[in-house]
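Enquirer: One structure coming up, written as structure tokens, with questions to follow.
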Amino acid sequence: MTKHLLVSLLVLLSPLARAQSPELTQTVRGLVLDKDSRQPLPGATIVLLNEVKNYGASTNEKGEFRINKVALGRKSIKVSYMGYEDRYLNDIIVNSAKEVVLTIELTEKIMSTREVLITAKSNKSAPNNELVLVSGRSFTIDQANRYAGSLMDPSRMAANFAGVAGGGNDQRNDIVIRGNSPLGLLWRLEGADIPNPNHFSNQGANGGPVSILNNNTLANSDFLTGAFPAEYGNANAGVFDLKLRNGNNEKREFIGQIGFNGLELLAEGPIKKGQSSYLASYRYSTLSFFDALGIKFGDSGIPFYQDATFKVNLPNTKLGNFSLWGIGGTSSTKLQDSKLSEEDRKKEAVPQDVDFSSKMGVLGLSHVAMLNKHAFIKSVLSVSGESNRVRVDSLNPSNQSFYLFNSTTSFTKTMLHTYFNQKWNARNTFKIGLIGSRIGGFTKDSVWATALNRYRSMIDFDEHTYLGQAYLNWNYRYSTQLSFNAGLHYNHYFLNNTHSLDPRAGFRYSMKNWGSLSLGYGHHSQVQPMITYFEKTLVDTLNNGYLLSNKALEMSKAHHFVLAYETNLGQDVRFKTEVYFQDLYNIPVTQNSSTISVLNYGAQFGAPNFDSLVNSGKGRNYGIEFTLEKYFSKGYYYLATLSLYESKYRGSDLVWRNTAFNGNFVFNVLYGKEWKLGAANVLSISGKLTWAGSRRYIPIDEAKSAQLGYEVAVEERSYENRLKDYFRTDLRVAYKSNSKRMTQEWGLEIQNLTNRKNIFTQQFNPQTGNIQDLYQIGLFPVPFYRIYF
């Protein structure tokens, strides 16, 4: 299939562009604001650096600036304003067909009698949220686009950062943070907590093969890996805090793209020139597109998916600033072993036909009301939902199907998040917020129970409940060297009236010429997946009587402790190390002695079905992380990260074991280089190497499995061992051509360049009586084409 796809798209890789005129230029414009109060800063100075002659502009009374006739390429900008710390922006890409529109936030200086100059150049990957003092970083959309192996997916890009491992499956983008389950990750978009934003998602998973998030619509965002501030709740592992960018409010622009994520068209432009704007994108599965044209890639398993993103920005109305936004996607596929040859079907451990589909969507309305020059209220009202349907038919040796399992699941959330932000002075900022959510859930399944010789329902509910959250945070900057913040987050789950009060604190001290030292602490809590509370325990076989034995479960809880050190090793090189310890408690495990723990949820694609759970389990994660990063300058960049960690849990059998996500180590190296070809064209190459501890597994008793004819796991040895170490190299090559009204980019990304056979898992095949290895993807070329016009 890959070969046919490569041949079909090869025309996209032809270098069709000619060298263009060296006089091509573009406009760089934007808005400069106070970071805490969101007030415009008139008179700020914006200067383009490293040009033949530095030049720039000043902001007007609205905080707006414009620099015309900027030469193409990567640019660096310095922003200055009296009484504020200088801000340096690097790696800004200027193309011929798209204006650069920036929103730049400045931090007010702390005046003291013994001022020590701490340059703003020190941390170009600092989070956008100034309350994040440890275990967090910002990322740009250009990074997600240019990092080899990322496939323009923010989740796959984040797997390069320290403390992060993939879910052990090349075909999915699950995020494992410091040995925690992927379900501990909070997805937040435009201030609203959202469902899993991936195609082909299932209950019990927080990732998927293809992201619904569209890189071309995202603004710079934050990724947090522990001890996060009080405004984030109901999460124990980490946070993806994403922002959508505004459309161009002065001119219409378009992007067309075809690649791994699909065939895409994006449009943006003004609604009222110079003020309001729109942004809208639509993507359709690449393979589905070719299938519709009659180009076939086999008899089954074609992934059909489509998604859309939009944002309408309405600033400076009489009632404040408004934005209406949304994302959504649908996906489906049929995996039909019945269409395989008899020989290939015998290679399958459990031959079956699977029909799967999923949907996800979010619609939001944001509003910002400026109360005065130092205070504002922001509110976000959102409605979100996700659903999936799956049917599984088993196949006998004669290839006859038998209806085995069927499940339909949907969850909805209506959420209001509002907060008040007050900047008292340059030192003190206060934030207080409320989050109210109405959560609805519906699940109905039917599965054949051989022991009962009939179908039974393991879960069947149609319910709703509420989750209330409140938080407050105080940020104190004693000087340019010393900053501190403290906060509280409160959760109340109305389904069973459980609650948690979570204190948070962070401290940073910047030492002149010696870098910075940071400390962070957070108590975090998270409700269980709603489906877990409605698992049924069969208590009366004769009368088909059930008990909801999980409904009283409390929240899982964790203490996070982090110590971090960061320093510059040159103008564009930084080194960072973090040491952390996480104490997890109140973890659901089974009442009867077993190895089962909610901490291992997410290790498989489907949702686990365990009843009779109690909050007596424990866990602990600890490790050390190293990051060496050169920001893009002088035509190249690199990023090297090393994570050494342990992730343990204790089930109801009171034995400490490795969690399913304890890979022990992850080592990533990324390198990228660009060459300018003439004044307007660029050739870029990037590569990535990953070496990591592979998946933990539960061993199979081969002899007993062969005797009984089905897989028998040795539960008491759960996760003792890992599969063979994971090793993969990726390569990305791209060529960009600028002309007067158009920018084009051709590229080829090759995943697993060496065709390494990384083992995904092991399973028992009853047809052969042996244990067989299942492998990750081999060499996988992905061509792409992008055009701006």
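The values are calculated or read from the model by the stated rules, or taken from the named source; none is laboratory data. The model shown is predicted, which means the values in this text are computed figures rather than measured ones. Counting neighbours? That spans all protein chains shown, and the Cβs are built from the backbone with ideal geometry, glycine included. Ligands, DNA and RNA are excluded from the accessible area calculation, which covers all protein heavy atoms including side chains. Shrake-Rupley method; radii C 1.70, N 1.55, O 1.52, S 1.80 Å.
Enquirer: Within the stretch 85-99, is even one residue at pLDDT below 90, within 30 Å of the chain's Cα centre (by Cα) and either of a type in the set (Gly, Ala, Ser) or farther than 22 Å from residue 220 by Cα (or both)?
Expert: No, there is no match, as no residue in the stretch 85-99 is at pLDDT below 90, within 30 Å of the chain's Cα centre (by Cα) and either of a type in the set (Gly, Ala, Ser) or farther than 22 Å from residue 220 by Cα (or both).
Enquirer: Give the residue that is farthest from residue 426 (Cα to Cα), with candidates limited to residues of the stretch 322-348 that are surrounded by fewer than 18 Cβ atoms within 10 Å (Cβ to Cβ) and small (Gly, Ala, Ser).
Expert: Of everything passing the filter in the stretch 322-348, 341 is farthest from residue 426 (Cα to Cα).
Enquirer: Taking residue 753 as meeting all but one of (1) of a type outside the set (Gly, Ala, Ser); (2) surrounded by 16 or more Cβ atoms within 10 Å (Cβ to Cβ); (3) assigned to a strand (DSSP E or B), write down the number of the exception.
Expert: Result: residue 753 passes all but (3).
Enquirer: If you scan the stretch 735-750, which residues turn out to be open to solvent by 30 Å² or more (accessible area, probe 1.4 Å) and of a type outside the set (D, E, K, R)?
Expert: 735, 742, 744, 748, 750
Enquirer: Can residue 724 be described as within 30 Å of residue 628 (Cα to Cα) and touching a Leu at 6+ places or on another chain (Cβ under 6 Å)?
Expert: No: the conditions fail for residue 724.
Enquirer: With (1) more than 30 Å from residue 786 (Cβ to Cβ); (2) out of contact with any strand residue (DSSP E or B) (no Cβ under 7 Å at 6 or more places or on another chain) as the list, and residue 755 as the residue in question, which single condition is left unmet?
Expert: It is condition (1) that residue 755 fails.
Enquirer: Looking at the structure I just gave you, is residue 310 open to solvent by 20 Å² or more (accessible area, probe 1.4 Å), within 21 Å of the chain's Cα centre (by Cα) and modelled with pLDDT of 80 or more?
Expert: Yes; evaluated as a whole, the condition is true for this residue.
Enquirer: So which residues in the stretch 679-698 are open to solvent by 20 Å² or more (accessible area, probe 1.4 Å) and not in a strand (DSSP E or B), if there are any at all?
Expert: 679, 695, 698
Enquirer: Out of the residues in the stretch 652-673 that are in contact with a strand residue (DSSP E or B) (Cβ under 7 Å, 6 or more places away or on another chain) and more than 25 Å from residue 148 (Cβ to Cβ), state the one that is most open to solvent (accessible area, probe 1.4 Å).
Expert: Looking at residues that are in contact with a strand residue (DSSP E or B) (Cβ under 7 Å, 6 or more places away or on another chain) and more than 25 Å from residue 148 (Cβ to Cβ), I get 656.
Enquirer: Let me ask another. Listed residues 206, 180, 216; which is among the polar types (S, T, N, Q) and in a helix (DSSP H, G or I)?
Expert: Answer to the selection: 216.
Enquirer: Can you tell which of 388, 396, 425 is under 24 Å from residue 205 (Cβ atoms) and among the polar types (S, T, N, Q)?
Expert: After applying the criteria, what remains is 388.
Enquirer: Of these, 540, 502, which one is of a type in the set (Asp, Glu) and over 27 Å from the mean Cα position of the chain (by Cα)?
Expert: Within the list 540, 502, the selection yields 540.
Enquirer: Here is a follow-up. Condition first: open to solvent by 30 Å² or more (accessible area, probe 1.4 Å) and in contact with a Ser or Thr (Cβ under 9 Å, 6 or more places away or on another chain). Now tell me which residues in the stretch 557-571 satisfy that.
Expert: 557, 563, 565, 568, 571
Enquirer: Could you tell me which numbered condition residue 265 fails, if it satisfies all but one of (1) crowded, with 19+ Cβ neighbours inside 10 Å; (2) assigned to a strand (DSSP E or B); (3) not β-branched (Val, Ile, Thr)?
Expert: Unmet condition: (1).
Enquirer: If you don't mind, there's one more thing I want to ask. For the stretch 606-634, which positions are under 23 Å from residue 547 (Cα atoms), modelled with pLDDT of 95 or more and open to solvent by 30 Å² or more (accessible area, probe 1.4 Å)?
Expert: Matches in the stretch 606-634: 614, 615, 616.
Enquirer: Checking residue 280 against (1) in a strand (DSSP E or B); (2) buried (at least 18 other Cβ atoms within 10 Å of the Cβ); (3) under 23 Å from the mean Cα position of the chain (by Cα); (4) modelled with pLDDT of 95 or more: exactly one of these is not met. Which one?
Expert: Just one mismatch for residue 280, condition (2).
Enquirer: Could you tell me which of the residues 434, 371, 416 is within 23 Å of the chain's Cα centre (by Cα) and open to solvent by 60 Å² or more (accessible area, probe 1.4 Å)?
Expert: Only one candidate passes the filter, namely 416.
Enquirer: Just to verify a result, which residue in the stretch 522-556, among those that are of a type in the set (Phe, Trp, Tyr) and open to solvent by less than 60 Å² (accessible area, probe 1.4 Å), is farthest from residue 492 (Cα to Cα)?
Expert: That would be 534.
Enquirer: Just wondering, is there one or more residues in the stretch 45-61 that are within 34 Å of the chain's Cα centre (by Cα), among the charged types (D, E, K, R), at pLDDT 75 or above and closer than 27 Å to residue 372 by Cβ?
Expert: no
Enquirer: May I ask you to verify whether residue 676 is at pLDDT below 95, surrounded by fewer than 19 Cβ atoms within 10 Å (Cβ to Cβ), within 30 Å of residue 143 (Cβ to Cβ) and among the basic types (Lys, Arg)?
Expert: In short, yes.
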